[in-house]
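The values are calculated or read from the model by the stated rules, or taken from the named source; none is laboratory data. Keep in mind that what you see is a predicted model, and the values were worked out from it rather than measured. In this analysis, Cβ positions are derived from the backbone assuming ideal geometry, glycine residues included, and neighbour counts consider all displayed protein chains.
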């Protein structure tokens with residue numbers, strides 16, 4: 001089973017490294033998403049630059065990068081015990097590392113929240129749902145996607161403990177939470193300085209830009 005676990009771990013990394021956000025932006029809008037907006041390849045930046053539809057598609061694809069490897073491993077090697085649980089956690093972490101540090105983009109990837117959600121959904125759907133509720137509450141109150149994302153990752157180990165999940169999965173979720181917070185280090189600094197952009201502010205700015213573009217087009221037409 002060790003060989004199979006190593007194979008799945010490598011496959012999970014490769015799958016996680018597929019930059020769906022960059023691919024979608026390239027073929028849909030002919031743009032390099034890493035040079036637009038926040039420069040991130042994740043769903044939030046894609047939604048802001050290409051629209052909610054493509055952001056949701058990116059979110060689903062990034063989520064599947066974490067979900068599919070863990071589910072497939074569980075299906076083909078459905079064994080109870082600490083090694084199996086540790087293997088599941090390791091495969092999930094490999095998928096997350098692939099998204100965060102993709103070999104196809106010079107190891108500069110996304111922040112991993114959607115991919116981590118896919119892993120969480122595979123190992124504990126109820127814990128995943130509870131963490132999503134925390135995320136939604138935080139974003140609704142403070143309008144910070146980054147803060148909601150970090151707290152989602154931080155509370156996941158707590159919910160796994162509450163729902164009686166095995167220790168290897170809990171440790172794996174702690175490692176994933178640390179990785180996600182690390183990838184948000186710029187956002188953490190901006191939050192501390194009070195400079196982090198709120199989600200509503202981003203939407204207002206996008207609407208303003210669209211209005212200005214429409215106005216410019218109208219003026220050009222009248223001339």
Fill in: Those residues of region 127-147 which are in a helix (DSSP H, G or I), surrounded by 14 or more Cβ atoms within 10 Å (Cβ to Cβ) and more than 17 Å from the chain's Cα centre (by Cα), in sequence order
142
Practice prompt. Would you check if residue 160 is closer than 18 Å to residue 87 by Cβ, part of a helix (DSSP H, G or I) and over 12 Å from the mean Cα position of the chain (by Cα)?
Written response: yes
Discussion item. Cβ contacts < 7 Å: first residue at positive phi, restricted to region 120-147; second residue outside any helix (DSSP H, G or I), any location; separation 6+ or different chain. Result?
Written reply: 143/198
Worksheet item: What residue, of 55, 37, is modelled with pLDDT under 95 and not in a helix (DSSP H, G or I)?
Response: 37
Worksheet item: Does region 196-203 contain at least one residue that is closer than 28 Å to residue 109 by Cβ, outside any helix (DSSP H, G or I) and at pLDDT below 85?
Response: yes
Worksheet item: Do you know which residues across region 89-112 are part of a helix (DSSP H, G or I) and under 22 Å from residue 153 (Cα atoms)?
Response: 89, 90, 91, 92, 93, 94, 95, 96, 97, 98, 99, 100
Discussion item. Quick check on region 163-174: of everything there that is touching a helix residue (DSSP H, G or I) at 6+ places or on another chain (Cβ under 6 Å) and outside any helix (DSSP H, G or I), which residue is nearest to residue 195 (Cα to Cα)?
Written reply: 163
Discussion item. I need the full set of residues from region 108-122 which are surrounded by fewer than 24 Cβ atoms within 10 Å (Cβ to Cβ) and at pLDDT 95 or above, in order please.
Written reply: 117, 121, 122
Discussion item. On the basis of being farther than 24 Å from residue 186 by Cβ, touching a residue at least 60 places away in the same chain (Cβ under 8 Å) and buried (at least 18 other Cβ atoms within 10 Å of the Cβ), does residue 16 make the cut?
Written reply: no
Discussion item. Quick check on my filter: what residues within region 69-88 are in a helix (DSSP H, G or I), over 17 Å from residue 172 (Cα atoms) and touching a residue at least 40 places away in the same chain (Cβ under 8 Å)?
Written reply: 72, 76
